[in-house]
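Below you'll find the structure, written out as structure tokens, and then a few comments.
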Amino acid sequence: MTLQVDTLLINIGQLLPMKANGPKKGKEMGSLEVIEHAALGIKDEKVVFYGTMEEASHIKSKEQIDCQNKLVTPGLVDPHTHLVFGGSREHEMALKQQGVPYLDILKNGGGILSTVEATRNTSLEDLIDKAKPHLNRILSYGVTTMEAKSGYGLDPETELKQLEAIRALNQDHVLDIVSTFLGAHAIPASQKDDPDGFLDEMARMFEEIKEKNLAEYVDIFTETGVFTVEQSRRFLQRAKDYGFGLKIHADEIDPLGGAELAAELDAISADHLVGTSDEGIKRMAQAGTIAVLLPGTTFYLGKETYARAIEMIQQDNAVALATDFNPGSCPTENIQLIMSLAALRLKMTPEEIWHAVTVNAAHAIGRGDQAGQLTVGRKADVVIWDAANYLYIPYHYGVNHVHAVLKNGKVVYKRGNGVERLSFS
Ligand code: NIG
Ligand code: FE
């Protein structure tokens, strides 16, 4: 019987379908199905066939894309970004070079608080316009689904403005964006002596955010000089009672026990985890909380010690990777660079890394049933790489290896001979 499709990708050198029934944990992260000399059929924006070229011989297609023996994978998923913000922080580079710690810059009103000032002074329209080139660049690196947080308002008006910007960007741009409310990102200078009062103010926003469907997740920065574990527990429990999924910026700089808290509250993910304890690693695995690691941030903060990815995997955790794109601790949209850092610094294998930026990253933002796989019935979000095999992407670092990106079965981004052609808004 012949199968009629809209588009058939042919002569794929290596295809990674990333078939999975849930997040890949522990050892499962190390085994990857690779189909050589493959084809992929797309109909009505969805994958309807994947297999070898031989198995595709019965398929008729309106359009064919000859992949010329290139690598083809699902569109990547970036599960942790701070996409929407005013201003930029290049002036902090000199402070960094002088060795001023990240938390000291924050304590003195810089860092996150300087971006808060800039974000308060930027209109909704300008925030949207400013985020678009970042989004275009994120897509150009092969990402088709991502998360974006608020957290540079720290007052109801500006937090809502950021969430509305995220919503508008999700509607206008071809990339799928999952929204997180991070009102508890820092203590604003005006409420420095009353962190509990500030958290109450942010928690009073839950109702409106839920009603307007402006965020699916609530996140908090659990860190020395920001919010304690106890404050985080109370705040996140309230969010949970409103029906939000939970995320935590956990153990990024000091090991406070954010990972244990994430497990206790059944958070979907705990993110950063640089200083996480043995107990935290064990409890996350038991609870099924996904460990989202952000090695780009550790690198950019100039730290020697990275998250213990290998121990997390040995202890049967599901590990995901993200850029943490933000104007302070990790100003890059380049998820491929993060894949290289994961190889070089976290010592993850290429097979683990591919799971961490597809299936597991999708599960970390509640999109495990839609994104991160190229199996039958899935959205046809596809990356064709200028590489012959999957090992090549983490290996050749710092540059963009994307040849083309398809979103919902349509080519939305293409590079050739170093020239970009954009066909998305
Ligand atoms: O994930 N740690 C807190 N939040 C961000 C940094 C935000 C900023 O510096 O602007 C992070 O690293
Ligand atoms: Fe972050």
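When you check residue 81 against the structure, is it touching a residue at least 24 places away in the same chain (Cβ under 8 Å), touching a Leu at 6+ places or on another chain (Cβ under 7 Å) and either within 16 Å of ligand 2 (Cβ to nearest atom) or not charged (D, E, K, R) (or both), yes or no?
Working: touching a residue at least 24 places away in the same chain (Cβ under 8 Å): yes; touching a Leu at 6+ places or on another chain (Cβ under 7 Å): no; either within 16 Å of ligand 2 (Cβ to nearest atom) or not charged (D, E, K, R) (or both): yes.
Against the criterion (touching a residue at least 24 places away in the same chain (Cβ under 8 Å), touching a Leu at 6+ places or on another chain (Cβ under 7 Å) and either within 16 Å of ligand 2 (Cβ to nearest atom) or not charged (D, E, K, R) (or both)), residue 81 does not qualify.
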Output yes when any residue across region 134-143 is assigned to a helix (DSSP H, G or I) and at pLDDT below 95, and no when none is.
-> no
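Based on this model, can you work out whether residue 105 counts as within 16 Å of ligand 2 (Cβ to nearest atom), in a helix (DSSP H, G or I) and over 22 Å from the mean Cα position of the chain (by Cα)? Spell out how you get there, then give the answer.
Working: within 16 Å of ligand 2 (Cβ to nearest atom): yes; in a helix (DSSP H, G or I): yes; over 22 Å from the mean Cα position of the chain (by Cα): yes.
Considered against the rule, which asks whether it is within 16 Å of ligand 2 (Cβ to nearest atom), in a helix (DSSP H, G or I) and over 22 Å from the mean Cα position of the chain (by Cα), residue 105 comes out as yes.
Let's see how each residue does on (1) buried (at least 16 other Cβ atoms within 10 Å of the Cβ); (2) within 15 Å of ligand 2 (Cβ to nearest atom):
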| residue | (1), (2) |
| --- | --- |
| 171 | no, no |
| 175 | yes, no |
| 180 | yes, yes |
| 187 | yes, no |
| 194 | no, no |
| 203 | yes, no |
| 207 | no, no |
| 216 | yes, no |
| 230 | no, no |
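Can you go through 291, 285, 309 and tell me which one is under 17 Å from residue 219 (Cα atoms) and either more than 13 Å from ligand 1 (Cβ to nearest atom) or within 15 Å of the chain's Cα centre (by Cα) (or both)?
Details: 285 fails: under 17 Å from residue 219 (Cα atoms); 309 fails: under 17 Å from residue 219 (Cα atoms).
So the residue among 291, 285, 309 that is under 17 Å from residue 219 (Cα atoms) and either more than 13 Å from ligand 1 (Cβ to nearest atom) or within 15 Å of the chain's Cα centre (by Cα) (or both) is 291.
Out of the residues in region 243-261 that are small (Gly, Ala, Ser) and more than 19 Å from residue 206 (Cα to Cα), state the one that is surrounded by the most Cβ atoms within 10 Å (Cβ to Cβ).
Restricting attention to region 243-261, the residues satisfying the condition of being small (Gly, Ala, Ser) are 243, 245, 250, 257-259.
Cutting the leftovers down to more than 19 Å from residue 206 (Cα to Cα) gives us 250, 257-259.
Working: 250: 35, 257: 22, 258: 29, 259: 32.
Among those that are small (Gly, Ala, Ser) and more than 19 Å from residue 206 (Cα to Cα), it is 250.
Can you find even one residue in region 148-157 that is among the small types (Gly, Ala, Ser), under 27 Å from residue 383 (Cβ atoms) and in a strand (DSSP E or B)?
Looking through region 148-157, at least one residue is among the small types (Gly, Ala, Ser), under 27 Å from residue 383 (Cβ atoms) and in a strand (DSSP E or B).
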For region 314-328, what are the residues that are crowded, with 24+ Cβ neighbours inside 10 Å and more than 14 Å from ligand 1 (Cβ to nearest atom)?
-> 317, 318, 319, 320
Could you list, in sequence order, all residues of region 336-365 that are in contact (Cβ under 8 Å) with a residue 60 or more places away in the chain, in a helix (DSSP H, G or I), crowded, with 24+ Cβ neighbours inside 10 Å and not polar (S, T, N, Q)?
-> 352, 354, 355, 356, 359, 361, 362, 363, 364
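The values are calculated or read from the model by the stated rules, or taken from the named source; none is laboratory data. Owing to the predicted nature of the structure, the values given are computational and were not obtained by experimental measurement. Ideal geometry is used to build each Cβ from the backbone, glycine not excepted, and the neighbour counts take in all protein chains shown.
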